[in-house]
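J.: Handing you a structure now.
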Amino acid sequence: MDFEHIAIEKDLVPYRFEIELGVEKFELRIRYNELHDYFTLDLLKDEEELVYGEKITYGVPLFSEIYDSRFPAPTIIPLDESGKETRVSWDNLSETVFLMVVNREDE
């Protein structure tokens, strides 16, 4: 199955960018914790911070713990389509592990 994915430009981290998810625009901020080798993501909508510091964890849908109607309609899941990876790291994000965008009707 082909998924859309959100490209992360690691050379720009920390950085922010706008993205359309479903029919709405959001802003994402990406940070990296070098000491423990993990990424975090902030989600904003209309300049309102909905999530701060969500850890990007392999196989776990983003925002699943705090979802409400202000959040994007699609689900975002960090995955490796080959199934070889088990965690998200500097070495594999946007190399073999991607933030996959799954529309609710596709789930």
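The values are calculated or read from the model by the stated rules, or taken from the named source; none is laboratory data. Everything numeric here is computed off the predicted structure, so don't read it as measured data. Cβ atoms come from the backbone with ideal geometry, glycine included; neighbour counts cover every protein chain shown. Calculation scope for accessible area: heavy atoms of the full protein, side chains included, ligands and nucleic acids excluded. Shrake-Rupley method; radii C 1.70, N 1.55, O 1.52, S 1.80 Å.
J.: Residues of region 83-98 with the amide nitrogen closer than 12 Å to a label point 7 Å from the Cα of ASP37, along Cα-to-Cβ, please.
T.: It comes to 86-93, nothing else.
J.: Please return the longest range in the chain lying between exposed loop sites, taking trypsin sites (Lys or Arg not before Pro), DSSP loop only, at most 16 other beta-carbon atoms within 10 Å, and leaving the sites out.
T.: So the longest stretch without any such site is 1-69.
J.: Shifting gears a bit: Leaving out ligands, DNA and RNA, and with a 1.4 Å probe, what % of the accessible surface on the chain is carbon or sulfur?
T.: Values: 3040 of 6650 Å².
Exposed carbon and sulfur together represent 46 percent of the surface.
J.: Given the chain, what percent of its DSSP beta bridges are antiparallel, to the nearest 5? Could the numbers behind the result be given before it?
T.: Numbers: 27 of 28 bridges.
Rounded to the nearest five, the antiparallel share is 95 percent.
J.: Taking a ≥ b ≥ c as the square roots of the Cα gyration tensor eigenvalues, with a/c under 1.5 meaning rounded and otherwise prolate when a/b beats b/c, else oblate, which class fits region 52-107? If you can, show how the numbers build up before the last one.
T.: Values: a/c = 2.62, a/b = 1.53, b/c = 1.71.
Verdict is oblate for region 52-107.
J.: Here is a further query. Estimate the FRET efficiency between TYR52 and VAL102 by the formula 1/(1 + (r/R0)^6), using the beta-carbon distance for r and 22 Å for R0, to the nearest 0.05. Let's see the in-between values first.
T.: Working: r = 23 Å, r/R0 = 1.06.
Result of the calculation: an efficiency of 0.40.
J.: For region 1-78, what is the convex hull (Cα atoms) projected area averaged across all directions, in square nanometres? Can you show the working numbers first?
T.: Values: hull surface 22.7 nm².
If I average the Cα hull's projected area over directions, I get 5.7 nm².
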